[in-house]
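The values are calculated or read from the model by the stated rules, or taken from the named source; none is laboratory data. Everything numeric here is computed off the predicted structure, so don't read it as measured data. Note that we place each Cβ from the backbone using ideal geometry, even for glycine, and neighbour counts take in every protein chain shown.
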Amino acid sequence: MRKTASGYRLIFGYLGLFVIFVGLATLLPLFALFAYPEEAGDWYCFAIPGGSAIILGILLFTLLIAKRTKAQLGKHQDSVLLLLVWVSAILISATPFLIKGIFNFTDAIFETTSGYGTVGLSVMDPKYLTEGTYLHLFVLYRSVLCFIGGVGLVLIVTSAISDRYGLKLYLAEGHNDKLMPNLARSARLIFSIYFGITALGAILYVLAGMPVFDAIVHSISAVATGGFSSRPEGIMYFQNYPNFWAMQIISVVIMVMGATNFLLTFFIITGRFKKVWRDCEIRLFLALCAIFIPLFILAVWFSGTTNNFGQAVAQGAFTFFTSSTTTGFSNVNDIAELGHGVLMLVVFMNIMGGCMGSTAGGIKLYRMAVAIKSFYWSTKESTSPSNVIYPHYIYRFGEQKEIDNRETANTLGYIFLYGTLLFVGATLISIAGSGDISFGDALFEFSNAISSTGLSVKVCNRGNAVVRWILSLGMLAGRLEILPIYFAFFRGTRDLFRKETY
């Protein structure tokens, strides 16, 4: 009879699979040596950690769960595994930066977490993005992290394994919608859509006149709503290119596609537009466009940064889309120059976030739609006779979905938890900044960190190591949507003290 793998043997055995994948991902930048052979001297920066991770992963999987009957993960053990997967990935993936000497440990963790979290905040020295000292392999490596983080570590691995290995973990990472009945097929289809949009974006950028390398990096960032750029100035580096206007439009289109639920994108591809139009997230996003694009434009105009109303329209509209999709691209040299009105609007929009089941961060539009509807239902019922009962329906993927009190409570609870984390994180950054960082700047920066938006007032660059660790933890918490981290510590603590988890 075969032995059974369960508990932490099962957790660390599964972790081995993900460590193998992280190791393989670490080796990917080496393919760029065909285009940039002059950087071949950096091969060991990726080969050593990548090869070591693959060997470690094989050992974990082989020694712990290979040839054993695999039990089900216990309650909240999926969250324990998920947290271990992400922390392990960050630690392993930070190693190339350390070997090269680009960052110290704190900054390597910050940059790697920003990549996997699709945040786009960066502390990389601009000289590494400047001709003469440009590090193509490492810039591409950041994009690889962003690409993986956008679609999710779990989704990529579960695209190659069966349902019984990864369903609970798949759901815990935030993938709430399956496109196909089979998990592995669903994951593969999502990955195909994701890769296809990325390839489309790169091609469009090249057609607009952007160099191939820059086009790949910016397309990955736009689809992953990640915000990393191949240039210190971001896309403003290309402002003197004849088709800069086209690059901005392409960026908006790709950002919106990345921030759209993959199932809705699948409906668009297959021509089921009615389902898309009736979806609550799409309707809420269109309403936000109608309300907030004019507000952004007016805020830019009254900030006095430009006397050209057409430029105010371009800057305001682009800033709306980059913040509402939680991407972090900017078509101004410094977002702070647009004034406090724009900064507050940015905070509001990136807190709202994009669609659930997309690459975007934030609270997510579905939760906001449920919260708005619950307020409407509550108001309507409070002014109606007590014996009148109204149905609580919302349109999800074009079909009516009933919202029960538990889902409403969970939604409102998450919004409260998100707001609390935002306030606490901003307060801690302001305190850790030793008086050099105002609460307003801290609030803006931390809201961008937890919503995975790369817009910045440079708090991460002028802050100390403590500030960067707070931002790193915020980025991780925002990417994993907070609750899995709590559940992981809850289950881990109870296991440590040998208490049963019910």
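Cβ-Cβ contacts under 9 Å between residues 6 or more apart (or on different chains), taken from a first residue in the range 287-298 that is farther than 11 Å from residue 348 by Cβ to a second residue that is exposed (fewer than 15 other Cβ atoms within 10 Å of the Cβ) and not small (Gly, Ala, Ser), are listed as 297/309. Does at least one position in the range 302-313 carry a residue that is out of contact with any Gly (no Cβ under 7 Å at 6 or more places or on another chain), modelled with pLDDT of 90 or more and among the hydroxyl-bearing types (Ser, Thr, Tyr)? For the range 302-313, residues out of contact with any Gly (no Cβ under 7 Å at 6 or more places or on another chain), modelled with pLDDT of 90 or more and among the hydroxyl-bearing types (Ser, Thr, Tyr): absent. So residue 287 fits all but one of (1) in contact with a helix residue (DSSP H, G or I) (Cβ under 8 Å, 6 or more places away or on another chain); (2) under 30 Å from residue 155 (Cβ atoms); what number is the exception? Looking at each condition in turn, residue 287 falls short on (1). Where helices (runs of 4 or more DSSP H) sit wholly within the range 408-502, those with at least 1 residues that are surrounded by fewer than 19 Cβ atoms within 10 Å (Cβ to Cβ), among the β-branched types (Val, Ile, Thr) and modelled with pLDDT under 90 occupy 483-496. Residues in the range 129-147 that are over 20 Å from residue 34 (Cα atoms) and surrounded by fewer than 24 Cβ atoms within 10 Å (Cβ to Cβ): 130 only. Taking the range 336-351 as the range and being in contact with a Ser or Thr (Cβ under 7 Å, 6 or more places away or on another chain) and touching a residue at least 40 places away in the same chain (Cβ under 8 Å) as the test, the residues that pass are 339, 341, 342, 346, 347, 349, 350, 351. I want to confirm something. Restricting to the range 75-99 and keeping residues that are buried (at least 18 other Cβ atoms within 10 Å of the Cβ) and not hydrophobic (A, V, I, L, M, F, W, C), which single residue is nearest to residue 42 (Cα to Cα)? Selected residue: 96. Quick one: is residue 91 under 28 Å from the mean Cα position of the chain (by Cα), hydrophobic (A, V, I, L, M, F, W, C), under 30 Å from residue 461 (Cα atoms) and modelled with pLDDT under 90? So residue 91 does not fit the description; no. The set of residues from the range 423-477 being of a type in the set (Gly, Ala, Ser) and over 23 Å from residue 87 (Cβ atoms) comprises 426, 430, 433, 434, 435, 438, 440, 442, 447, 456. Within the range 49-56, can one find any residue that is surrounded by fewer than 17 Cβ atoms within 10 Å (Cβ to Cβ), at pLDDT below 95 and either among the acidic types (Asp, Glu) or more than 30 Å from residue 477 (Cβ to Cβ) (or both)? No, the range 49-56 contains no residue that is surrounded by fewer than 17 Cβ atoms within 10 Å (Cβ to Cβ), at pLDDT below 95 and either among the acidic types (Asp, Glu) or more than 30 Å from residue 477 (Cβ to Cβ) (or both). The single residue among 373, 364 that is within 27 Å of residue 321 (Cβ to Cβ) and crowded, with 22+ Cβ neighbours inside 10 Å turns out to be 364.
One line per residue, one yes/no per condition, for (1) in contact with a Leu (Cβ under 8 Å, 6 or more places away or on another chain); (2) modelled with pLDDT under 95; (3) not aromatic (Phe, Trp, Tyr):
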site	(1), (2), (3)
97	no, no, no
101	no, yes, yes
112	yes, no, yes
121	yes, yes, yes
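Residues in the range 140-159 that are under 21 Å from residue 201 (Cβ atoms), at pLDDT below 90 and hydrophobic (A, V, I, L, M, F, W, C): 151, 155, 156. Within the range 326-333, can one find any residue that is within 16 Å of residue 118 (Cβ to Cβ), of a type in the set (Val, Ile, Thr) and in a helix (DSSP H, G or I)? The answer is no, given that none of the residues of the range 326-333 is within 16 Å of residue 118 (Cβ to Cβ), of a type in the set (Val, Ile, Thr) and in a helix (DSSP H, G or I). When 18, 61 are checked against the criterion of being of a type in the set (Phe, Trp, Tyr), surrounded by 20 or more Cβ atoms within 10 Å (Cβ to Cβ) and in contact with a Gly (Cβ under 8 Å, 6 or more places away or on another chain), 18 stands alone in meeting it. Checking each residue in the range 379-398 for being at pLDDT below 85, over 27 Å from the mean Cα position of the chain (by Cα) and surrounded by 11 or more Cβ atoms within 10 Å (Cβ to Cβ) picks out 380, 381, 384, 392. Residues in the range 129-139 that are modelled with pLDDT under 90 and hydroxyl-bearing (Ser, Thr, Tyr): 130, 133. Condition check: under 24 Å from residue 219 (Cβ atoms), surrounded by 15 or more Cβ atoms within 10 Å (Cβ to Cβ) and either modelled with pLDDT under 95 or not acidic (Asp, Glu) (or both). Does residue 278 satisfy that? Judged against the criteria, residue 278 is not a match. Which residue is nearest to residue 313 (Cα to Cα), if the candidates are limited to the range 252-276 and must be outside any helix (DSSP H, G or I) and of a type outside the set (Lys, Arg)? The selected residue is 259. Take the conditions touching a strand residue (DSSP E or B) at 6+ places or on another chain (Cβ under 7 Å) and either without any contact (Cβ under 8 Å) to a residue 40 or more places away in the chain or among the acidic types (Asp, Glu) (or both) and apply them to residue 403. Does it pass? Yes, satisfied.
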